[in-house]
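To start, the structure under review is shown below, and the notes come after it.
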Amino acid sequence: MIKYDKRTGALQANAIGKVASHYYIKHDSMSVYNENLKPHMNIIDVFRLFALSKEFQFIPIRENEKLELQKFIDKVPVPVKGSLDETATKINILLQAYISRFKLEGYDLNADMVYVTQSAGRIFRCLFEICIKRGWA
C-alpha cells in the first residue's frame, strides 16, 4: 500500500493505499481483498469477500443467535458459503437480511446488523474503487 525509498527514507502511498485510507479500511482487509478479488466474480463470491473483511473480526457468534441464523440461511436470496460457526457466514446473512428487509428478533443480532450495514457502504465503495484502479469496472 506504500512505497519505501531506502535511499531517502521517503514513504509514498500507492493507489491501493490511497483507497484504503480514503475509506478507512484496515490493512488486513486490504490484504484479503488483494488476494481474493478477481476480475470475474459472481455475487456469492462478492458477498463472501465482503464478509471476510477484518472490520468484522470481533463480532462473535452467540449460542442464542444460531437458531435464528439457521432460519435465515435458507431464506436469503444469495446462497451463503461456509458454516454457521464462522463469523463471515453471520456477516453475510446479516447483510442479506438487511437487503431483504427481514425482521430480526434478537437485540444482539439487530445491533450487529447495524454495524454491518453502516460498514457496508464504505467497504463496497472501496471494493469498487479497487476494481476501477485495476481496470475491471
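Here are the numbers for this structure:
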| read-out | value |
| --- | --- |
| Qualifying residues in the stretch 125-137 (those that are free of Cβ contacts under 8 Å to residues at least 24 places away in the same chain and in a helix (DSSP H, G or I)) - the one surrounded by the most Cβ atoms within 10 Å (Cβ to Cβ) | PHE128 |
| Single residue of the stretch 35-53 satisfying the filter (touching a residue at least 24 places away in the same chain (Cβ under 8 Å) and loosely packed, with under 13 Cβ neighbours inside 10 Å) that is farthest from the chain's Cα centre (by Cα) | PRO39 |
| Subset of the stretch 98-119 [surrounded by 18 or more Cβ atoms within 10 Å (Cβ to Cβ) and either assigned to a loop (DSSP other than H, G, I, E, B) or in contact with a Lys or Arg (Cβ under 8 Å, 6 or more places away or on another chain) (or both)] | LEU104, ASP112 |
| From ASP74, ASP28, residue being in contact (Cβ under 8 Å) with a residue 24 or more places away in the chain and acidic (Asp, Glu) | ASP28 |
| Scope the stretch 1-25; condition touching a residue at least 60 places away in the same chain (Cβ under 8 Å), β-branched (Val, Ile, Thr) and assigned to a loop (DSSP other than H, G, I, E, B); matching residues | ILE25 |
| Residues of the stretch 87-107 classified as under 21 Å from ARG62 (Cα atoms) and in contact (Cβ under 8 Å) with a residue 24 or more places away in the chain, total | 14 |
| ARG122 being in a helix (DSSP H, G or I), buried (at least 20 other Cβ atoms within 10 Å of the Cβ), under 12 Å from the mean Cα position of the chain (by Cα) and not hydrophobic (A, V, I, L, M, F, W, C) | no |
| Given (1) in a helix (DSSP H, G or I); (2) surrounded by 12 or more Cβ atoms within 10 Å (Cβ to Cβ); (3) of a type outside the set (D, E, K, R); (4) at pLDDT below 95, number of the condition GLN70 does not satisfy | (2) |
| When residues of the stretch 108-137 are limited to those that are of a type in the set (Asp, Glu) and either closer than 19 Å to ARG62 by Cβ or touching a strand residue (DSSP E or B) at 6+ places or on another chain (Cβ under 6 Å) (or both), the one modelled with the lowest pLDDT | ASP108 |
| Number of the exception - SER83 against (1) surrounded by 12 or more Cβ atoms within 10 Å (Cβ to Cβ); (2) free of Cβ contacts under 8 Å to residues at least 12 places away in the same chain | (1) |
| Candidate set: the stretch 36-67, residues that are in a loop (DSSP other than H, G, I, E, B) and of a type in the set (Lys, Arg); chosen: the one nearest to ARG122 (Cα to Cα) | LYS38 |
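The values are calculated or read from the model by the stated rules, or taken from the named source; none is laboratory data. Values in this document were obtained by computation on a predicted structure and should not be read as measured data. All Cβ positions, even for glycine, are placed from backbone atoms using ideal geometry, and neighbour counts span all protein chains on display.
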